[in-house]
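Before any comments, here is the structure.
The values are calculated or read from the model by the stated rules, or taken from the named source; none is laboratory data. Note that this is a predicted model, so its numbers are computed, not measured. Here the Cβ positions follow ideal geometry from the backbone for every residue, glycine too, while neighbour counts run over all protein chains shown.
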Amino acid sequence: MHLLALGLNHRTAPVALRERTAFSPDQLPDAVRSLLEAPEISEATILSTCNRTEIYCHQNTPVTSNVINWLRDYGDVPPDALTGSTYTLPDEQAVQHAFRVASGLDSMVLGEPQILGQMKSAFSVAHQAGTTGKILNRLFQHTFSVAKQIRTDTAIGASAVSVAYAAVDLAKRIFSKLDDQTVLLLGAGETIELVARHLKQNNVKHIIVANRSSERAETLSRQLGSEAISLADMPNRLHEADIVVASTASTLPILGKGTVEAALRRRRHRPMFLIDLAVPRDIEPQVDELEDVFLYTVDDLEKVIAQNQASRQEAAVEAEKIIDLQVVRFMHWMRSLDSVPTIRSLRTKVDLLKATELAEAKRRLANGEDANQILEQLAHNLSQKFTHGPSQALKQASQKGDSGLIKSTKRLFRLKA
């Protein structure tokens, strides 16, 4: 049995390729079931976020081509596009990577907490789709436990840095202060909620939340004391926004160049600051061609985020030590599974031998034979028949000069030299 983690992230692939390999929440159940149809794959989970797409598999063989071919075909990706942009991590490396990702050690923002919730969601989808089993169930439960331990035992999450924080921090660099700016938020998910909270902490008074589901937008607006509108009304209100932050689950851009151009005319070309946190992108890249527009994507935030990493580096060193120890523990458990069929077979054979000899002893007792003789014979037969096979194998090993089997037998039965 073999584990494999295969993926691409913000370090290995540009946003355009990550868009091609991203999975929306609606796509994930069918996608992970489809993955299970690939040869040699017995369990699978897909993690898809704005910064990464990763596939975790339990396979019968250590091949990687099946997963790469599936990802290429499912995403209709050009043949050579994934070359050099994906990473493949087998067994211990896959376990270590899962622990590091869940703990925020592989994130754009070191130690960010959102990824743990996203991994839990990805595992839940796969579990409900019936594509996880004994190995991945144990892997992800152990992963969540390790991430919790790191949060508890280190200061990895002590400072408030996240993609949402970085977006607001960047806005503060564009505008000297945010108090008087009007902010339009496209979407109402967890990322947008975090952005909104950071905006409130920076005294932004006017926030408009636009979402496809007006109910979700109104719920978030009530929590924050902001205004809610439908996504359909967004073009008519866009000109009011000094700052636009987008993070929806749409597979196509929801804000195009023409709409932004019209808003700029109504604003008399007062500058607009747009941040696109979504993958696939919510804002057409061509918007960046317009004057008086500052457009940033998740990739552009990396420089901002880098400045907030220093305080977490020391904690990350401690976290890596915890992860190394936990990887060893998980691999010990996984390797122990290789012995299970042999143990089961041995116990079955011993149980059959016991049942046969016990039945014979009971028959003789029923015939009135001497109980002491029967017990002695029972013990003799059991010991003789149990040791017969191993004794023959050891004699043959000795004749062939196979000292390894003899040493293993001494260790197995704890025999004195």
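When L382, L412 are screened for being surrounded by 14 or more Cβ atoms within 10 Å (Cβ to Cβ) and hydrophobic (A, V, I, L, M, F, W, C), only L382 passes. Kindly evaluate R268 against the criterion of being more than 19 Å from A188 (Cα to Cα) and out of contact with any Cys (no Cβ under 7 Å at 6 or more places or on another chain). Here the answer is yes, as R268 does meet what is asked. Does V245 satisfy the criteria of being at pLDDT 95 or above and outside any helix (DSSP H, G or I)? Against the criterion (at pLDDT 95 or above and outside any helix (DSSP H, G or I)), V245 qualifies. Looking across the range 265-314, the residues that are under 20 Å from R237 (Cβ atoms), of a type in the set (V, I, T) and in contact with a helix residue (DSSP H, G or I) (Cβ under 7 Å, 6 or more places away or on another chain) come down to I275, V287, V293. Return the pair list, or none, for Cβ contacts closer than 9 Å from residues in the range 132-154 that are in a helix (DSSP H, G or I) to residues that are modelled with pLDDT under 95 and of a type in the set (V, I, T), at least 6 apart or on different chains. Pairs found: A147/I115; I150/I156. Does S162 satisfy the criteria of being surrounded by 19 or more Cβ atoms within 10 Å (Cβ to Cβ), closer than 30 Å to L199 by Cβ and of a type in the set (G, A, S)? Yes: the conditions hold for S162.
The combined condition, being surrounded by 11 or more Cβ atoms within 10 Å (Cβ to Cβ) and part of a helix (DSSP H, G or I), is not fulfilled by R344. A single member of S42, S24, S34 is touching a Gly at 6+ places or on another chain (Cβ under 9 Å) and over 30 Å from E318 (Cα atoms), and it is S42. Within the range 251-270, the set of residues being touching a residue at least 40 places away in the same chain (Cβ under 8 Å) and surrounded by fewer than 23 Cβ atoms within 10 Å (Cβ to Cβ) comprises T251, I254. Of the candidates E302, E318, the single residue that is under 30 Å from Q149 (Cβ atoms), among the charged types (D, E, K, R) and assigned by TED's automatic domain parsing to the domain that holds G111 is E318.
When the range 249-279 is filtered for residues that are under 20 Å from E193 (Cβ atoms) and either modelled with pLDDT under 95 or of a type in the set (D, E) (or both), the ones remaining, listed by number, are A249, S250, D276, L277, A278, V279. When every residue of the range 41-52 is checked against the conditions, at least one turns out to be without any contact (Cβ under 8 Å) to a residue 40 or more places away in the chain and over 29 Å from V304 (Cα atoms).
None of D106, D80 is closer than 27 Å to A316 by Cα, of a type in the set (D, E) and in the same structural domain as L325 (by TED's automatic domain parsing) except D106. Looking at L352, L365, just one residue is at pLDDT 80 or above, hydrophobic (A, V, I, L, M, F, W, C) and surrounded by 12 or more Cβ atoms within 10 Å (Cβ to Cβ), and that residue is L365.
Of the residues in the range 193-203, at least one is at pLDDT below 95 and more than 33 Å from the chain's Cα centre (by Cα).
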